[in-house]
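The block underneath contains the structure these notes are about, expressed in structure tokens.
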Amino acid sequence: MRVQLVKPLTRQQWAITSAVLFAGVFIAAVVAVLVAKWLVGLEPVAQFIDTYPGKYDNPAGAPVGIPAWLGWQHFLNMFFLVLIIRTGIQINRQRRPRGFWTPRKGGKKISLTLWIHLSLDLFWILNGIVFYILLFATGQWMRIVPTSWEFFPNAISAGLQYVSLDWPTENGWANYNSLQELTYFLVVFVAAPLSIISGLRMSAYWPSKNRTLGKLVPMELARKIHLPVMVFYVVFAAVHVFLVFATGALRNLNHMYAAQDGPGWTGFWWFLASMVAIIAGIIAVRPSLVAPVAKLFGTVTAR
């Protein structure tokens, strides 16, 4: 039986698809806002929001403020994720790679783009290990892990307030609201492990001879997980950036980039510098530019 490969979408097709998706998201957002406004106008819902304003007190001993290490960890995670997502999209769209990489000691030949993707994965994982160690060593985990059953009603309350456009009071320096807490928990403790495990399962580095591990994480399951997790990251990043600028840009940027709580411009300039670094990274990870580095670890051949 002859298998026909699905051709990548043309630019015009991408433009039409994007326009349709944007229109659908916009209509869905308008409907959601109208429904949320109607709900918060009901007396029982208004009383619920008064009782659960969107956040609860952190446990005793929880740190206040965002340390400098969390700022540079935030940047590095963002930097690697952007490049990982970009190369992942290129891998999915690539039909005829321009270059290949083969390990020096022999092994499966892979596209140079896949080698870049896997190398970025490694750096991201190493950075993640440092992040986990510092997160628990400094007690910062208490700010993003639910520690009270009050978390659930407060998360619902915060969600209603956001969707109704009557946003909850922000003070991320002292305490995240419960919806923020939920989101950060999912990113750090759910999405990140899932993307690592599913990506490893699909790579040549998975111990294929281990049947127990193969049954525990089937290949088909890994493929079904990996792409949705990437989409989750993209949606999270879009909403996250929007809310950073919509709920007090200078103060929020100071929290993330300058380890300061105030309306100064320091964090903003560091943010611009990080954007320049990310753009430079996107340009630098082209196969033609990365090939000399790849040759240090294996054999690079043209198509």
Mean projected area (nm²) of the alpha-carbon convex hull when the chain is viewed from all directions: 20.6 nm²
Distance in nm between pseudo-label sites at Thr102 and Val231 (7 Å out along the Cβ direction from Cα): 3.8 nm
The chain: relative contact order in percent, alpha carbon pairs under 8 Å with at least 6 residues between: 27 percent
Length released on extending from Gln94 to Val130, taking residue separation times 0.36 nm less the Cα-Cα span: 9.7 nm
Angle between the chain longest axis and helix 192-202 axis [Cα atoms, degrees, rounded to 10]: 20 degrees
With Cα atoms, 0 to 90° folded angle of helix 151-163 axis to the chain main axis: 90 degrees
Where labels lie 7 Å past Cα in the beta-carbon direction, separation of Tyr205 and Ala46 in nm: 5.7 nm
Solvent exposure, largest accessible area first (probe 1.4 Å, DNA, RNA and ligands not counted), of Phe271, Phe189, Phe136: Phe136, Phe189, Phe271
Residues Ala15 and Leu165, FRET efficiency given R0 of 22 Å [Cβ-Cβ distance, rounded to 0.05]: 0.15
Computed [θ] at 222 nm, helices only, for the chain once each DSSP H run of length n ≥ 4 contributes -39500 (n - 2.57): -20500 deg cm²/dmol
Per-residue HN-Hα couplings for segment 233-238 [Karplus 6.51, -1.76, 1.60; θ = phi - 60°; Hz; x = Gly/Pro]: 4, 5, 5, 4, 4, 4
Rh by Kirkwood over Cα pairs, then Stokes-Einstein D for segment 188-297 at 0.890 mPa s and 25 °C, µm²/s: 141 µm²/s
Per residue value of the accessible surface for the chain (all protein chains in place, 1.4 Å probe), Å²: 62 Å²
Share of carbon and sulfur in the accessible heavy-atom surface of segment 184-303 [1.4 Å probe, %]: 73 percent
Helix axis angle, 68-93 relative to the chain longest principal axis, alpha carbon, degrees: 50 degrees
Rounded to whole Hz, the Karplus (6.51, -1.76, 1.60) HN-Hα couplings of segment 250-259, x for glycine and proline: 4, 5, 5, 5, 5, 4, 7, 10, 10, 6
Sequence-separation-based contact order of segment 215-274, relative, with Cα cut under 8 Å and 6+ spacing, percent: 19 percent
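The values are calculated or read from the model by the stated rules, or taken from the named source; none is laboratory data. Not measured: the values here are computed from a predicted model. Note: ideal-geometry Cβ built from the backbone for every residue, glycine included; neighbour counts use all protein chains shown. These area figures cover heavy atoms from the full protein model, side chains too; ligands, DNA and RNA do not enter into them. Shrake-Rupley method; radii C 1.70, N 1.55, O 1.52, S 1.80 Å.
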